[in-house]
Structures are given as structure tokens and as C-alpha cells.
Amino acid sequence: MTIQSLDPRVSRLGLTSLQNDDAEQATVNQFPTFQVFTQKKEDKPFEHGGIVHAPNIEMALIFAKEQYSRRFTCSGLAVAATTSVKTTDVSENKEDIYNLIQEPAVSSSEKEPYEIFHLNKRGKQTVYAGSVEAGSFEEAAWEAKKAFQNDKPVYNLWLIRRNDILFIDEEDKDIWATLGDKKYRDALDYKATDKIKAFKEEQNR
Amino acid sequence: MYGGGNTFEAPKQNEMQAEDPQKLAEFEARIERGEKIEPSDWMPALYRKQLIRMIEQHAHSEIIGALPEGTWITRAPGFRRKLALMAKVQDEVGHAQLLYSAAETLGKSREDMLSDLISGKSKYSNIFNYPAFTWADTAVIAWLVDAGAIVNQLANSRGSYAPYSRALERICAEESFHLKYGHHAVIHLATGTPTQRKMVQEALNRWWAPLMHFFGPPDKMSVHTEVLMKWKVKMATNDDMRQQFLDMYVPKIWELGLTIPDENLRKNEETGKWDYTEPDWEEFKRVINGDGPLNKERLAVRRIAEERGRWVRNALLKSEANYVTPLA
Ligand SMILES: [Fe+2]
Ligand SMILES: [Fe+2]
């Protein structure tokens, strides 16, 4: 069966022939990836949401807004280049990854803030734990161990220099102001039982 | 939305021989305990390969699946339906992004996946090679194709690969809106004027065979996927998912006074399962291999988007920015 196209891009604009004659597919390099963190409510910790591809960190924040805070309540958004995130291994057999972290031999005098994230269960999202002051990733891991280790095992640590993270500005947070108005995207907004009932009654009459 | 089913290649006998038996045993024990596999964990090459294949096909299906509905946005009846349809199509493209990201953690770049889609090397759900002739077709798609996708995605979200499960958790939450929206649109037509009823009945007649194809060939015809089920890559058999779909939706179709174009369709009281006429599996094979009503157009439209956006991407590319595999 051949049919006339129903796609206006094809039927009206006639953008292209349907044959693939584009022999030289340009080898486009990848945009780098950015890890995205969202905060659902003011009193909730930031959580890893996923990644975006973007040419730079400012664009990453804009893409992240569309991709990760389009549908649900959001009160904070942050992105960091994947290459700027240091991770430990994922620990085996419920062992606390902090047990494998040792005190660094030298301690630096120049310190800066590092943000620390925990994977508390395999398959869940990595969640913000808090920040520490340190001069290197090794030191940050050690400081995190002192500050955040408790009796619950942590499977995987992510460490990011705060300077490598771009947070959404306080005054830009009105991008989420209209979220609640878009009721047509909620399953709850589609009630139909009354209509079905009325229809059935009509049929049985 | 997505059609699962027959997207697996039969694992070859020798594919497992190169694996370290001790690591393999630990890996299988972890899955057995119900723990998820994170991207940096050791995994058999076959697990990686089949997961890339499955998640990539799922991502392609979201993108291509947005096309039949997307073309109806401009013609949707009324402002409210337009808004809802736009939001749904946007969700679907967002699903593709989430899924490409999950597949990327396994080592295949998004760019390579998109090229393989356009060149026809990788597949997407067969159902999107059929046309949406009328508004009622889009209502049937939103209700029943998304319903099928939900059966499939809920099963897969209990699978073993952590990034895929995380993506699906979010996707399933958004799908519930698609399903309700679609059901609402179908009810509106089915309880409307005779013309509207006729329109929705005809759309259902057109989509029934593709819906039956949606979960893939019957188990007795399918490739052996025991190892994939043991590794929790494939979570339910094609027939089980099809039965689940029929169980949930046939009564809902019938209660609207609509008929299903299969006179053998009925619940068998003895087996507790649905009896039905096998759909034409030769047609399924033919369409999946490229010879459906719309295969060429779907890929052409995707290629146009790729070509027309290329200059933007090239202009933004910086050679010093290098790509690494994302974390999770
Ligand atoms: Fe959907
Ligand atoms: Fe979807």
C-alpha cells in the first residue's frame, strides 16, 4: 500500500524526496554531556535527574529546565560538566564505600567548597549529602567521610567543586511559576466515568 | 510509547564462553538478590549488547512515535486538545532523550544511535509505520498504543539495569496522562454523534492488527531469550504481555459499545486466557524489514530534522570540548 503523505512537512512543504540520497553524513562530534540535579521542594535535597548534551554550561542549564523540570514541581536546578564530577567505584555487597577512603598524606592550605552526593541504594538516584571544604578531591572525600559517614552504607560518592556547578539564579526561579496552571497534563484532569455511565444507561433504555 | 516484543537477537552459543566464570557468577547472584546493575559494574558483553539494542530501540520508538500524533497538532479539535496533544508529543520526545542517556551509559554515543536510526540499521516499534488517517486514529493511538507501551514499560522498569529503571520510573509517571487523555478522547467520540462513533470504530478496526503485533510474535515463534530473562533484561514474554493488555483493555473497549475486528476474540473460561486469531505475522516481518506503508516517510522526516539542524550544531561545536560517557 502506498499512501499520500499525511505529514505536512512532506505533503505541503515538500521538504525532501523520500529517498535517502544524503550520502555524506557529516560526522558531527558530540556535544559534551552535563549531569543535571533537581530539587523538588525547598526543604528537599538536590537529586541527580539525568544528563543533557549541550555546547556549554549555560545552554545545559536551559536544556535541563526543559528536560527535567517541565512536568513536576521544582525549586532548584543545577548542572555540572560530566568531566568535572569525580566518582568512587560502586561498592560491592552492601559495604560502605566510605570504609575504603583513607586520609590523604598531605593536606593543602588552600581550600574551597566541594559538593558531595551519595548513592544510597543501587537503582535509586544519587542524592546531595552536603558540602565540605577541601583542597583536592582526595581531601574532599576524606572530609566527607568525617562529616557524613553513619551506620547506613553509601554505595557510591560523587564529588564536584562548587565552582564547577552552575545553579539557577534566585531571580530566575519564576520559570516554574506556570507549572501548576497546566492541568491538561495531569491524568487526574481527565474524568470520564460519568460519561461512560450515562452512555450505558442510554444503551439499556 | 514503545512496542517491545521481538527486538532481541538470539544469543549465540559461543557468545558466553569468553566471560570470566567467577565474575559472571557474582553478576548473576547480584541480579538474583534483586540488586540493580550500575554502569560501572562488571557485566557480560552480551548483557551490554542486548541492553544497548533494547534501550536504543525504545528511544527511537519514542521519537518516531511522536510523528503520527505530531502531525495532528495543527488539526486537533479545539484549543484544549491541542494543548494536551502538544504536551504529549513533547513528553514523548523527552522520553527519547532520557532513554538515549540511559543507553549512552553503556558506551554507545547518542550521535551513533541517531545515525543508525536514520540509516535504517536500528529498528523502532513497528506500529509507527502505519498512518493516522483521522483525528480518531490519534485518539486510539494515545489510548491503546500508549496502554500497550505502559504494560511493556512497567515490566521493564523492574529490570536489572539501574539507569534504564530510573528513566522508566519517570516515563511511566508521564504515560499515565497519555493514557487518560487518549481514553477521554475515545470516550468523547464513542458517546458522540453517529458520525463520530463511526469514525472511532473505523480507527479501531485499522489499529487492531498493529496492536496485536505490538508485543511481538507468539512465544512459540520467538527466539530463545531465557538468558535475557534470567538477567532481567526481558521481563515478560510477548504472549504474557499481550494477554495482560487484552485483560485490561478489551472490556473497556466493549463497554463503549465498540466492536473488535476479530470474531474469535473471547476470554476462555477454562484457561483464564484470551483466545484470538493470530494476526498476520508475515505482514509484521515485512513491515519491520522496511516494507510498511510509512517506513520511508518516517525516516525521511527524521532525516530532514537532522539535516536542517546540523548547521546549528556545527556552529556551536567547540573542538576542545570532548565527549565522555555519562555517569548514570
Ligand atoms: Fe506516551
Ligand atoms: Fe513515551
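The values are calculated or read from the model by the stated rules, or taken from the named source; none is laboratory data. Remember, it's a predicted structure, so these values are computed and weren't measured experimentally. Here the Cβ is made from the backbone with ideal geometry for all residues, glycine too, and neighbour counts use every protein chain on show. Keep in mind that these areas ignore ligands, DNA and RNA; they rest on the heavy atoms of the full protein, side chains included. Shrake-Rupley method; radii C 1.70, N 1.55, O 1.52, S 1.80 Å.
Normalising the average separation of contacting C-alpha pairs (under 8 angstrom, six or more residues apart) by the number of residues puts the relative contact order of chain A at 20 percent.
Take each residue of peptide B:248-258, count the partner chain Cβ atoms within 10 Å of its Cβ, and average: the result is 1. Taken across both chains, chains B and A shield about 6300 Å² of accessible surface from a 1.4 Å probe. Counting Cβ atoms of other protein chains within 10 Å of each residue's Cβ and taking the mean over peptide B:294-306 gives 5. For chain B, the carbon plus sulfur part of the accessible surface works out to 55%, probe radius 1.4 Å. Among B:160, B:119, B:222, the largest mean-square fluctuation in a Gaussian network model of chain B, built with springs joining Cα atoms closer than 10 Å, belongs to B:119. Among complete DSSP H helices in chain B, those whose alpha-carbon atoms stretch at least 27 Å along the helix's long axis and whose mean Kyte-Doolittle hydropathy reaches -0.5 are B:45-70, B:79-104, B:162-190.
All other residues whose Cβ lies under 11 angstrom from that of residue B:158 are scored, Lys and Arg at +1 and Asp and Glu at -1, for a net of +1.
Which entries of A:111/A:146; A:94/B:230; A:191/B:88; A:191/B:267 have Cα-Cα distances beyond 26 Å here? The pairs that break the limit, which is 26 Å between Cα atoms, are A:191/B:267.
For residue A:171, the solvent-accessible surface with a 1.4 Å probe is about 130 Å², rounded to the nearest 10. Among DSSP bridges having both ends in the protein assembly as shown, what percentage is antiparallel? Round to the nearest 5. The antiparallel fraction comes to roughly 95 percent. Each of A:67, A:113, A:78 was scored by the projection of its Cα onto the charge dipole of chain A, and the greatest displacement toward the positive side belongs to A:67; charges sit on the C-beta of Lys, Arg, Asp and Glu. When a 1.4 Å probe is rolled over the protein heavy atoms, the share of accessible surface on the stretch A:158-205 that falls to carbon and sulfur comes to 46 percent. Take the protein assembly as shown with all the other protein chains still there, run a 1.4 Å probe, and you get 47 Å² of accessible area per residue. Look at the alpha carbon pairs under 8 Å that are at least 6 residues apart: their mean separation over the length of the stretch A:60-141 gives a relative contact order of 21 percent. Among B:60, B:183, B:95, the largest mean-square fluctuation in a Gaussian network model of chain B (Cα springs under 10 Å) belongs to B:183. About its Cα centre, the stretch B:13-304 has a charge dipole of approximately 900 debye under the convention of +1 per Lys or Arg Cβ and -1 per Asp or Glu Cβ, with nothing else charged.
The relative contact order of chain B comes to 25 percent, based on Cα pairs under 8 Å that sit 6 or more residues apart. Comparing B:311, B:208, B:72 in a Gaussian network model of chain B, where Cα atoms under 10 Å apart are tied by springs, the biggest mean-square fluctuation is seen for B:311.
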